[in-house]
1. Rounding to the nearest 10 and keeping the result within 0 to 90°, find how far the Cα-based axis of helix 71-83 lies from the longest principal axis of the chain.
2. Order 55-66, 23-34 from most to least packed using the mean count of other Cβ atoms within 10 Å.
3. Quick one: Kirkwood hydrodynamic radius for the stretch 6-142, alpha-carbon pairs, angstrom, one decimal?
4. So, by mean Cβ neighbours within 10 angstrom, what's the order for 112-124, 81-93, 139-151 with the highest one leading?
5. Go ahead and run the numbers for FRET between residue 50 and residue 18, Cβ-Cβ distance against an R0 of 35 Å, rounding to 0.05.
6. Any chance you could run the full-extension gain for residue 71 through residue 121? It's 0.36 nm times the residue separation minus the Cα-Cα distance, nm to one decimal.
7. Per DSSP H run of at least 4 residues, take -39500 (n - 2.57); add these up for the chain, divide by its residues and hand me the 222 nm value, nearest 500 deg cm²/dmol.
8. Within a 10 angstrom radius of the beta carbon, how do 136, 111 rank from fewest other beta carbons to most?
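A short reminder: the numbers here are calculations on the coordinates, not readings from a lab. Note that the structure is a prediction, hence the values are computed from the model and not measured. Glycine also receives a Cβ, built like all others from the backbone with ideal geometry; neighbour counts cover every protein chain displayed.
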């Protein structure tokens, strides 16, 4: 009997793109965990630090927009980063409702230690940088189309 394609067997796990992406994310987490442990970071904390290493002194809302996270998710994460003295939270002088997040000297210094992480991810993937960039671009385009379909 010929193998059914995804349209003929849509409720098979092996045909689900979402599961392939979900399980791939778990694979990434397994690779990132031992890379980030010496830095004292979890993966979500690493993402926040990437945002701040790119542009220091941004608001919680700006971080949330970049990471697609709400402030309820970010606030405890930022509090933990502050407790480890990597970031400082302060109220904006112009608008006390806005909370600014800035790197501490320790947070700035951690950037150097984190430089090896992206190369380790490339090596673990056994893909070229170009292949990974193409996959990333396809996933971003897919995410944007899905968001547009949902009106967000």
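1. Helix 71-83 and the main axis of the chain meet at about 50 degrees.
2. Result, highest mean first: 55-66, 23-34.
3. 17.0 Å
4. The peptides rank, most packed first, as 81-93, 112-124, 139-151.
5. Efficiency for this residue pair is about 0.90.
6. 15.2 nm
7. Value at 222 nm, helices only, nearest 500: -20000 deg cm²/dmol.
8. Neighbour counts put them in this order, fewest first: 136, 111.
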